[in-house]
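Undergrad: A single structure is presented below for examination.
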Amino acid sequence: MNLNSTVTLTVNGKKKEIRVDVRQSLLEVLREQLGMISVKQGCAVGECGACTVLIDEVPIDACLYLAVWADGRSIRTVEGEIRDDKLSRVQQAFVDEGAVQCGICTPGFVMASTAFVEKQQDRKVSRHDIRRGLAGNLCRCTGYDTIVTAVQKCLEEDT
Amino acid sequence: MFNFKSYTKAGSIQEAIQLLEQNPAAHLIAGGTDVLVKLHKGKAQFPYLVDIHDIAELNFIDRNDDGDLVIGPLSCFTHVAESPLIRKHIPVLAEAILTIGGPQVRNMATIGGNLCNGVPSADSATPLIALNAVVTIEGQGESRQIPLEDFFLGPGRVALEHHEMMTAITVTRANYEGYYGHFFKYAMRDAMDIATIGCSAVCKVEDEILADMRLAYGVAAPVPIRCRDTENKVRGRKISQQLLDDISGAVKNDVSPRTSWRAAREFRLHIIATLAHRVVKQSILNAGGTIT
């Protein structure tokens with residue numbers, strides 16, 4: 001059986017047409033074919049969130065997502081978050097709050113946080129809400145406090 | 001790379017059923033959060049996949065002319081939990097769903113997948129059983145409806161023939177109108193965890209009388225279960241602290257939890273009794289009752 005398929009997707013604003021094996025995860029295609037190495041494989045079973053990317057603005061674990069499902073969809077990874085040489089506000093907040101230690105979870109956290117921040121509309125958000133919103137991402141270094149503070153700062157800027 | 005031998009995408013319910021009929025070894029894949037986990041690291045549990053991920057006719061949440069709520073099984077958890085219809089009429093389901101996994105998992109995992117996977121810990125099962133949900137099952141040219149409670153046959157076993165699939169989950173108006181519920185999941189962590197015990201209750205309160213109560217548990221037996229004996233004993237009684245104590249004392253006769261590495265049977269029985277008290281109490285309070 002033919003296990004190859006052509007997929008057209010937009011990655012960080014750029015349209016790509018690629019051949020994929022239907023058995024590949026989006027994580028594998030993003031890293032190996034498209035060079036998006038910010039997308040980390042941690043657990044590979046949807047527990048750690050290190051491979052979080054936004055698919056049509058929705059945070060998804062790329063490890064548990066077939067590459068063929070991305071056909072026709074738009075993907076955001078950390079590589080696309082810097083615009084005009086400027087970090088996104090979420091990235092800048094992570095830097096300002098020292099929310100990065102070893103860094104392996106950081107791209108996933110940045111994308112999950114970006115989705116969380118962009119989804120809130122004038123809603124009062126507690127630190128508990130932020131923790132629940134980022135519950136799909138694990139960090140073994142920071143103890144999460146600085147990450148939660150970074151997200152809180154982003155939301156305070158909005159109001 | 002996942003280890004499967006064939007992959008076919010179905011565009012409609014009929015096409016999916018045909019593909020299942022053509023290959024007795026084929027499996028459906030929807031959100032993938034169970035199937036792909038079982039396929040990773042080269043495991044070959046599901047060699048032939050029929051992909052129903054993009055079947056639009058199975059992805060909806062509606063309230064029909066009779067006021068019944070109908071949920072398409074391919075609705076992802078996030079959509080169900082954020083649906084204004086669900087939040088207004090059966091918020092206990094949203095409450096339960098928000099305890100599942102984390103945001104990324106809920107954005108992919110489907111409610112039908114959670115039910116068809118058939119595990120006793122399925123968090124969406126207990127609120128739906130408490131709401132007397134009915135599932136629609138379609139096969140080649142035929143369709144049937146069964147109570148969700150009867151859909152679960154054993155751990156990982158559900159009432160689906162090989163060529164059948166779930167096409168709707170219905171909660172009729174009579175089963176939710178006037179009922180107020182609560183859900184509690186006892187687990188080691190507040191997210192990304194499997195329930196040690198899950199508990200859902202819905203109650204109807206009239207003049208400080210518990211006019212009706214439906215109580216359901218996950219992980220308290222080989223399948224998600226209802227506590228029929230307890231429900232029958234307390235229906236129509238005056239609301240009081242004693243009533244809650246009686247419910248808490250009676251549930252142990254409705255359940256049969258097992259010892260596993262997660263928790264011992266005795267510990268689960270303790271949690272079950274404690275949650276009966278807590279979850280029914282909150283349901284009664286949500287229904288406007290007062291506990292004297």
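Undergrad: Which of the numbered conditions does B:I100 fail, given that it passes all the others? Conditions: (1) out of contact with any Lys or Arg (no Cβ under 9 Å at 6 or more places or on another chain); (2) buried (at least 20 other Cβ atoms within 10 Å of the Cβ); (3) not in a helix (DSSP H, G or I).
TA: (1)
Undergrad: Do you know which of the residues in segment B:84-97 that are over 28 Å from B:M188 (Cβ atoms) and in contact (Cβ under 8 Å) with a residue 12 or more places away in the chain is surrounded by the fewest Cβ atoms within 10 Å (Cβ to Cβ)?
TA: Once the filter is applied, the top-ranked residue is B:L85.
Undergrad: Of all residues in segment B:62-74, count the ones that are part of a loop (DSSP other than H, G, I, E, B), away from chain A (no Cβ under 14 Å) and at negative phi.
TA: 6
Undergrad: Take the conditions more than 14 Å from chain A (Cβ to nearest Cβ), of a type outside the set (S, T, N, Q) and within 17 Å of the chain's Cα centre (by Cα) and apply them to B:H270. Does it pass?
TA: no
Undergrad: Search segment B:1-28 for residues that are within 13 Å of another protein chain (Cβ to nearest Cβ) and more than 17 Å from B:G112 (Cα to Cα) and pair each with any residue that is surrounded by fewer than 16 Cβ atoms within 10 Å (Cβ to Cβ) and of a type in the set (A, V, I, L, M) when their beta-carbon atoms are under 6 Å apart and the residues are at least 6 apart or on different chains.
TA: Here the result reads B:N3/B:A44; B:S6/A:M1, each pair linking segment B:1-28 to a residue that is surrounded by fewer than 16 Cβ atoms within 10 Å (Cβ to Cβ) and of a type in the set (A, V, I, L, M).
Undergrad: Just for segment A:124-138: of the residues that are part of a loop (DSSP other than H, G, I, E, B) and away from every other protein chain (no Cβ under 13 Å), which one is nearest to A:I55 (Cα to Cα)? Before you say what the answer is, go through the steps one by one.
TA: Quick first cut of segment A:124-138, residues part of a loop (DSSP other than H, G, I, E, B) only: A:124-126, A:134-138.
When the remaining residues are screened for being away from every other protein chain (no Cβ under 13 Å), the result is A:124-126.
Numbers: A:K124: 26, A:V125: 24, A:S126: 26 Å.
Top of the filtered list is A:V125.
Undergrad: Can you pull out the residues in segment B:39-61 that are part of a helix (DSSP H, G or I), surrounded by fewer than 19 Cβ atoms within 10 Å (Cβ to Cβ) and either at the interface with another protein chain (Cβ under 9 Å from one of its Cβ atoms) or at positive phi (or both)?
TA: Selection gives B:H40, B:K41, B:G42.
Undergrad: For segment A:87-100, check the following and say yes or no: at least one residue is of a type outside the set (S, T, Y), within 22 Å of A:E17 (Cα to Cα) and in a helix (DSSP H, G or I).
TA: No, segment A:87-100 contains no residue that is of a type outside the set (S, T, Y), within 22 Å of A:E17 (Cα to Cα) and in a helix (DSSP H, G or I).
Undergrad: Something else now. So, of the residues in segment A:1-49 that are part of a strand (DSSP E or B) and without any contact (Cβ under 8 Å) to a residue 12 or more places away in the chain, which turns out to be farthest from the other protein chains (Cβ to nearest Cβ)?
TA: Checking each candidate, the answer is A:K14.
Undergrad: Being at pLDDT below 95, of a type in the set (D, E) and over 29 Å from B:I55 (Cβ atoms) is true for just one of B:D212, B:D190, B:D207. Which residue is that? Give the derivation first.
TA: On the way: B:D212 fails: at pLDDT below 95; B:D207 fails: at pLDDT below 95.
Sole residue among the options that is at pLDDT below 95, of a type in the set (D, E) and over 29 Å from B:I55 (Cβ atoms): B:D190.
Undergrad: Conditions first: (1) in the same structural domain as A:G35 (by TED's automatic domain parsing); (2) under 14 Å from the mean Cα position of the chain (by Cα); (3) surrounded by 18 or more Cβ atoms within 10 Å (Cβ to Cβ). A:D56 passes all but one, so which condition is the exception?
TA: (3)
Undergrad: Which members of segment B:262-292 meet the condition of being under 11 Å from B:I239 (Cα atoms), out of contact with any strand residue (DSSP E or B) (no Cβ under 7 Å at 6 or more places or on another chain) and surrounded by 17 or more Cβ atoms within 10 Å (Cβ to Cβ)?
TA: B:K281
Undergrad: Can you find, within segment A:86-128, the residue that is nearest to A:R76 (Cα to Cα) among those that are of a type in the set (D, E, K, R) and in contact (Cβ under 8 Å) with a residue 40 or more places away in the chain?
TA: A:E118
The values are calculated or read from the model by the stated rules, or taken from the named source; none is laboratory data. Just so you know, these numbers come straight off a predicted model, no measurement behind them. Neighbour counts are summed over all protein chains in view; Cβ atoms, including those assigned to glycine, are modelled from backbone coordinates with ideal geometry.
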